[in-house]
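Written below as structure tokens is the structure these notes are about.
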Amino acid sequence: MTATTATELSPAEQRRARRTPPVSRQVTRRRVDGSEAGTVDLDPELFGIQPNVPVLHQVVTAQLAAARAGTQSTKTRAEVRGGGAKPFRQKGTGRSRQGSTRSPQWSGGGIALGPKPRDYSQRTPKKMVRLALRSALSDRAASGRVALVDAWTFETPRTKDAIAALGALGLSGRVLVVLGPDDATADRSFGNLPDVQTIQVGELNAYDILVNDWLVFTDATLPGGGEPTAGAAGDEGSDQ
């Protein structure tokens, strides 16, 4: 029996054979005051793949298109009020014949081929949406722009506490904070900061990841769970 050659493989099998294996990455786990609490292994299937740029582009374009209202509208010559009478006689004036003052070539007339209300949304397969999300997460992880906090321990909503936490974590630029259902206090604390965007973990998407410089998770919102290393376990044990 001879070995199977590359030409005998199906296109799907050839794509799987060319696939770059995921890269294992880690992130430093910190507390709100900036102190380190060990490291956590990120899920390679979510944070370690080779970003698929064409899929990212298509999914982000579809997401922006779906956000368009599509309510722009212009009136055609049939919808403009007036213009029922012929403006001047057909012959003898030396002018081109006209049947209505609401024709597109007249000032105040209808608009030819103008925009009408429409739906701009595009159909995007779920597999592409998931691949785009994984690609965006992997891109931020590859550039070291993923931060992990054990939990947001704000007692009351205070913008000052949120600014202090971001400074302690060393985050600058635009920051996307991924929150869970129980992080209402943190959501209100970050609410007045113009460079900070908060989002629920169930609403995480590729576009919001790409338009922000940093991506901040908590233990509860980190996709794939994340497993602490031996160093992290030791640090947690010392706190108890």
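Stokes-Einstein diffusion coefficient for the stretch 116-237 at 10 °C in a medium of 1.306 mPa s, Rh from the Kirkwood formula over Cα pairs: what value in µm²/s?
100 µm²/s
Measure nothing fancy, just the Cα-based angle from helix 53-66's long axis to the longest principal axis of the chain, in degrees from 0 to 90, nearest 10.
Value to nearest ten degrees: 50.
Extending each Cα 7 Å along its Cβ direction at Gln50 and Gln98, get the distance between those two points in nm, one decimal.
6.5 nm
Measuring from label point to label point, each 7 Å out along Cα→Cβ, what is the His57 to Ile111 span in nm?
3.0 nm
Taking 8 Å as the Cα distance limit and 6 or more residues as the minimum spacing, I'd like the relative contact order of the chain as a percentage.
26 percent
As a footprinting exposure proxy, order Asp182, Asp208 by other Cβ within 10 Å, with the fewest listed first.
Asp182, Asp208
Given bins 10 angstrom wide, list per bin the percent of all Cα-Cα distances in the chain, short to long.
7, 22, 22, 15, 11, 10, 8, 5, 2, 0, 0
Put +1 on the Cβ of each Lys and Arg and -1 on the Cβ of each Asp and Glu in the chain; which of Gln90, Ala12, Trp152 then has its Cα farthest toward the positive end of the dipole?
Farthest towards the positive end: Gln90.
What's the longest uninterrupted piece of the chain once you rule out the chymotrypsin sites (Phe, Trp or Tyr not before Pro) that are loop residues per DSSP with at most 13 other Cβ within 10 Å?
Between exposed loop sites, the widest span is 121-240.
With contacts defined as alpha carbon pairs under 8 Å and 6 or more residues apart, what's the relative contact order of the stretch 74-114 in percent?
In percent, rounded to a whole number, it is 50.
What is the ratio of the Cα radius of gyration of the stretch 14-142 to 2.2 N^0.38 Å, where N is its residue count, to two decimals?
For the stretch 14-142, the normalised Cα radius of gyration comes out at 2.10.
Taking neighbour counts of Cβ atoms within 10 Å as a proxy for exposure, in what order, fewest first, do Ser10, Ser73 appear?
Lowest to highest Cβ neighbour count: Ser10, Ser73.
How much length would be gained if the chain were fully extended between Gln200 and Arg81, taking 0.36 nm per residue of separation minus their Cα-Cα distance, in nm to one decimal?
Once the chain is fully extended between Gln200 and Arg81, it gains 37.9 nm.
Which loop trypsin sites (Lys or Arg not before Pro) in the stretch 16-47, with loop taken from DSSP, have no more than 14 other Cβ atoms within 10 angstrom of their Cβ?
Listed in order of number, the matching sites are Arg19.
Charges only on Cβ, +1 for Lys and Arg, -1 for Asp and Glu: so what's the dipole of the stretch 74-114 about the Cα centre, in debye to the nearest 20?
Magnitude of the dipole: close to 200 debye.
When the Karplus curve 6.51 cos²θ - 1.76 cosθ + 1.60 is applied with θ = phi - 60°, which whole-Hz ³J(HN,Hα) does each residue of the stretch 204-213 get, with x for Gly and Pro?
4, 9, 5, 5, 5, 5, 6, 7, 10, 7
Starting from the Cα of Ala65, step 7 Å toward the Cβ, then list every residue of the stretch 109-142 with an amide N under 13 Å from that point.
So the set is 119-125.
Just to verify a number: FRET efficiency for Glu36 and Val211, C-beta to C-beta distance, R0 = 35 Å, to 0.05?
0.80
Considering the dipole of the chain built from charges on the beta carbon (Lys and Arg +1, Asp and Glu -1) around the Cα centre, which of Thr39, Leu215, Pro54 is farthest to its positive end?
Farthest along the dipole direction, towards plus: Pro54.
Where does the stretch 74-114 land on Rg/Rh, using Cα atoms and the Kirkwood Rh?
The Rg/Rh ratio comes out at 1.02.
How large is ³J(HN,Hα), in whole Hz, for each residue of the stretch 120-135 in order, when computed from phi with the Karplus curve 6.51 cos²θ - 1.76 cosθ + 1.60 and θ = phi - 60°, using x for Gly and Pro?
After applying 6.51 cos²θ - 1.76 cosθ + 1.60, I find 8, 5, 10, 7, 10, x, 4, 5, 5, 4, 5, 5, 5, 5, 5, 5 Hz.
Can you give the calculated 222 nm mean residue ellipticity of the chain, where each DSSP H run of n ≥ 4 adds -39,500 (n - 2.57) and the sum is split over every residue, rounded to the nearest 500 deg cm²/dmol?
For the chain, the value works out to -9000 deg cm²/dmol.
If we count other beta carbons within 10 Å of each Cβ, what is the order of Lys116, Lys126, fewest first?
The fewest-first ordering by Cβ neighbours comes to Lys126, Lys116.
Given Val80, Val175, Val129, which one lies farthest toward the positive end of the charge dipole of the chain, if we put +1 on the Cβ of every Lys and Arg and -1 on the Cβ of every Asp and Glu?
Sorting the options by dipole projection puts first Val80.
None of the figures in this text is laboratory data; all of them are computed from the coordinates on show. It should be emphasised that the depicted structure is a prediction, and the values quoted were computed from it without experimental measurement. Backbone-built Cβ (ideal geometry, glycine too); neighbour counts: all protein chains shown.
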